[in-house]
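All of the numbers you see were taken from the coordinates with simple rules; none came from a lab. The shown structure was predicted, so the numbers you read here are calculated from the model rather than taken from an experiment. Here the Cβ is made from the backbone with ideal geometry for all residues, glycine too, and neighbour counts use every protein chain on show.
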Amino acid sequence: MTKNTQNNTKTREIAGHSITLESGKWYLASRPMASYKGQTFPISIRDEYNNEVLALAPMSYDAANAFLNAFNNGETSFDGRDW
């Protein structure tokens, strides 16, 4: 689901998370590298200048990877997405 708001932002549902970002910009989601599978991972969404624009609560390894795949448009994708 996509919802436009008044101040040039757009809200989309990505892997069960409601994400609101500025429309017309490119973003990439990432997480720190794993040292073991049982830890949790904060997700960072960064803009084209590598500025963190949104931080999500830490997720399990599998949930973090599912979110990254959905947000970045594919497994092991670093393409990011235009919002």
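Using only helices, what value at 222 nm comes out for the chain when you add -39,500 (n - 2.57) per DSSP H run of length 4 or more and divide by the total residues, to the nearest 500 deg cm²/dmol? The partial results should precede the final answer.
Details: 1 runs with 11 residues, N = 83.
One gets -4000 deg cm²/dmol as the mean residue ellipticity at 222 nm.
For V53, the residues whose modelled amide H falls within less than 5 Å of its own, excluding neighbours fewer than 5 places apart on the same chain, are I45, R46, D47. Counted by Cβ distance under 10 Å from N8, the other residues give a net charge of +1, where Lys and Arg count +1 and Asp and Glu count -1.
Give the order of Y61, Y27 when sorted by the count of other beta carbons within 10 angstrom, beginning with the fewest. Could the numbers behind the result be given before it?
On the way: Y61 15, Y27 19.
If I rank by nearby Cβ atoms, fewest first, I get Y61, Y27.
A cut-off under 12 angstrom between Cβ atoms defines the neighbours of A64, and their net charge, with Lys, Arg +1 and Asp, Glu -1, is +1.
Determine, from the Cβ-Cβ distance of R12 and Q39 and an R0 of 30 Å, the FRET efficiency 1/(1 + (r/R0)^6), rounded to the nearest 0.05. Intermediate results must be reported in sequence, preceding the final value.
Working: r = 27 Å, r/R0 = 0.91.
About 0.65, to the nearest 0.05.
Helix 61-71: angle to the longest alpha-carbon principal axis of the chain, degrees 0 to 90, nearest 10? Orientation of helix 61-71: about 30 degrees from the principal axis. Candidate values (1) 13.4, 39; (2) 12.7, 43; (3) 11.5, 31 were compared with Rg and Dmax of the Cα atoms in Å computed on the shown model; the agreeing label is (2).
How would you rank I14, I43, going from fewest to most other Cβ atoms within 10 Å of each one's own Cβ?
In increasing order of surrounding Cβ atoms, one gets I14, I43.
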